[in-house]
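The values are calculated or read from the model by the stated rules, or taken from the named source; none is laboratory data. Please read these numbers as outputs of a predicted model, since none were measured by experiment. Here the Cβ is made from the backbone with ideal geometry for all residues, glycine too, and neighbour counts use every protein chain on show.
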Amino acid sequence: MNIGFVGVGRMGANMARRLKDRGYHVTTVYDVNRAAATSLATELGCAASPTLGDVTAGADVVFTIVTDDAAMREIYTGADNLLVNARGKLFINCATVSPQVHVEVERWAEAAGAASLEACMASSITQAREGSLYLMCGGREEVFRRAEPILKELSVSLRYIGKAGEAAKVKA
């Protein structure tokens with residue numbers, strides 16, 4: 001399984017490091033801060049993708065950890081977006097965004113033949129590195145079950161809350 005990360009600030013970078021340490025194949029990272037992406041890619045021995053489309057092409061599972069609703073919408077609907085050739089891909093969205101955005105992302109992903117899961121974090125940077133995140137997930141239960149093995153590597157407490165948007169409501 002090839003894994004990509006979009007948003008490699010402190011949380012995203014530490015999640016990528018954790019999965020690499022646990023034997024997962026992190027193949028590509030992307031960040032609007034190109035220096036951050038390049039530095040982490042060098043550290044992990046993976047690609048610093050120049051485009052979001054390249055992230056999707058190089059990964060089976062893509063984690064997104066971006067700043068806000070606008071950034072999340074942009075990575076899924078902008079001119080360069082994650083949904084190009086996304087059929088069969090799994091997107092795990094860990095950003096703190098509104099419940100409505102998680103619902104929108106699920107709809108967009110499904111229209112592209114992909115799957116999306118919201119995985120809200122109530123944790124710190126240290127917990128991301130140690131694999132002791134508290135994760136609350138929303139989306140289709142079968143998608144949660146598909147993502148569960150990898151999410152267990154990142155968390156000490158993993159809960160399925162319900163449909164898309166519900167985990168963000170609990171976190172708020």
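Among 70, 95, which is crowded, with 17+ Cβ neighbours inside 10 Å, within 18 Å of residue 165 (Cβ to Cβ) and either modelled with pLDDT of 95 or more or within 13 Å of the chain's Cα centre (by Cα) (or both)?
Values: 70 fails: crowded, with 17+ Cβ neighbours inside 10 Å.
Going through 70, 95 in turn, just one is crowded, with 17+ Cβ neighbours inside 10 Å, within 18 Å of residue 165 (Cβ to Cβ) and either modelled with pLDDT of 95 or more or within 13 Å of the chain's Cα centre (by Cα) (or both): 95.
Only one residue in 126, 96 is among the β-branched types (Val, Ile, Thr), within 23 Å of residue 40 (Cα to Cα) and in contact with a Lys or Arg (Cβ under 8 Å, 6 or more places away or on another chain). Which one? I'd like the intermediate steps shown before the answer.
Working: 126 fails: in contact with a Lys or Arg (Cβ under 8 Å, 6 or more places away or on another chain).
That would be 96, the only listed residue that is among the β-branched types (Val, Ile, Thr), within 23 Å of residue 40 (Cα to Cα) and in contact with a Lys or Arg (Cβ under 8 Å, 6 or more places away or on another chain).
Restricting attention to the stretch 148-162, which residues are touching a residue at least 40 places away in the same chain (Cβ under 8 Å) and under 22 Å from residue 99 (Cβ atoms)? Reasoning before the result, please.
In the first step, residues of the stretch 148-162 are kept if they are touching a residue at least 40 places away in the same chain (Cβ under 8 Å); the result is 150-151, 153-154.
Matches in the stretch 148-162: 151, 154.
For the stretch 99-107, check the following and say yes or no: at least one residue is assigned to a loop (DSSP other than H, G, I, E, B), at pLDDT 95 or above and among the hydrophobic types (A, V, I, L, M, F, W, C). Even if it seems obvious, please write down each step before you answer.
Our first condition is that a residue be assigned to a loop (DSSP other than H, G, I, E, B); within the stretch 99-107, this holds for none.
No, the stretch 99-107 contains no residue that is assigned to a loop (DSSP other than H, G, I, E, B), at pLDDT 95 or above and among the hydrophobic types (A, V, I, L, M, F, W, C).
Yes/no per residue for (1) under 16 Å from the mean Cα position of the chain (by Cα); (2) surrounded by fewer than 23 Cβ atoms within 10 Å (Cβ to Cβ); (3) not in a loop (DSSP other than H, G, I, E, B):
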| position | (1), (2), (3) |
| --- | --- |
| 42 | no, yes, yes |
| 57 | yes, yes, yes |
| 81 | yes, yes, no |
| 85 | no, yes, no |
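Can you name the residue in the stretch 136-147 that is surrounded by 15 or more Cβ atoms within 10 Å (Cβ to Cβ) and free of Cβ contacts under 8 Å to residues at least 40 places away in the same chain and is also farthest from residue 115 (Cα to Cα) among such residues?
If we take residues in the stretch 136-147 being surrounded by 15 or more Cβ atoms within 10 Å (Cβ to Cβ) and free of Cβ contacts under 8 Å to residues at least 40 places away in the same chain, then 136 is farthest from residue 115 (Cα to Cα).
State all residues of the stretch 128-146 that are outside any loop (DSSP other than H, G, I, E, B) and within 16 Å of residue 95 (Cβ to Cβ); if no residue qualifies, say none.
First, pick out the residues of the stretch 128-146 that are outside any loop (DSSP other than H, G, I, E, B): 128-130, 133-138, 141-146.
Across the stretch 128-146, the qualifying residues are 128, 133, 134, 135, 136, 137, 138.
Could you list, in sequence order, the residues of the stretch 147-172 that are part of a helix (DSSP H, G or I) and touching a Leu at 6+ places or on another chain (Cβ under 8 Å)?
Keep residues of the stretch 147-172 that are part of a helix (DSSP H, G or I), which gives 147-154, 166-171.
147, 148, 150, 151, 152, 153, 154 - these are the residues of the stretch 147-172 that are part of a helix (DSSP H, G or I) and touching a Leu at 6+ places or on another chain (Cβ under 8 Å).
Hey, any hits in the stretch 65-76 for a residue that's closer than 27 Å to residue 158 by Cβ and touching a Cys at 6+ places or on another chain (Cβ under 8 Å)?
Residues of the stretch 65-76 closer than 27 Å to residue 158 by Cβ: 65-69, 71-73, 75-76.
Right, trim to touching a Cys at 6+ places or on another chain (Cβ under 8 Å) and you get 65.
The answer is yes, given that some residue of the stretch 65-76 is closer than 27 Å to residue 158 by Cβ and touching a Cys at 6+ places or on another chain (Cβ under 8 Å).
The conditions are (1) in contact (Cβ under 8 Å) with a residue 60 or more places away in the chain; (2) at positive phi, and residue 98 fails exactly one of them. Which is it?
Answer for residue 98: the failing condition is (2).
For the stretch 159-167, does any single residue satisfy the condition of being among the hydroxyl-bearing types (Ser, Thr, Tyr), more than 14 Å from the chain's Cα centre (by Cα), at pLDDT below 95 and surrounded by 14 or more Cβ atoms within 10 Å (Cβ to Cβ)?
Residues of the stretch 159-167 among the hydroxyl-bearing types (Ser, Thr, Tyr): 160.
Filter once more, keeping what is more than 14 Å from the chain's Cα centre (by Cα): 160.
Filter again for at pLDDT below 95, leaving none.
There is no residue in the stretch 159-167 that is among the hydroxyl-bearing types (Ser, Thr, Tyr), more than 14 Å from the chain's Cα centre (by Cα), at pLDDT below 95 and surrounded by 14 or more Cβ atoms within 10 Å (Cβ to Cβ).
Of (1) within 25 Å of residue 155 (Cα to Cα); (2) outside any helix (DSSP H, G or I); (3) free of Cβ contacts under 8 Å to residues at least 40 places away in the same chain, residue 92 satisfies all except one. Which?
(3)
Starting from residues that are crowded, with 24+ Cβ neighbours inside 10 Å and over 15 Å from residue 61 (Cα atoms), keep the ones in the stretch 9-37 and report whichever is nearest to the chain's Cα centre (by Cα).
If we take residues in the stretch 9-37 being crowded, with 24+ Cβ neighbours inside 10 Å and over 15 Å from residue 61 (Cα atoms), then 13 is nearest to the chain's Cα centre (by Cα).
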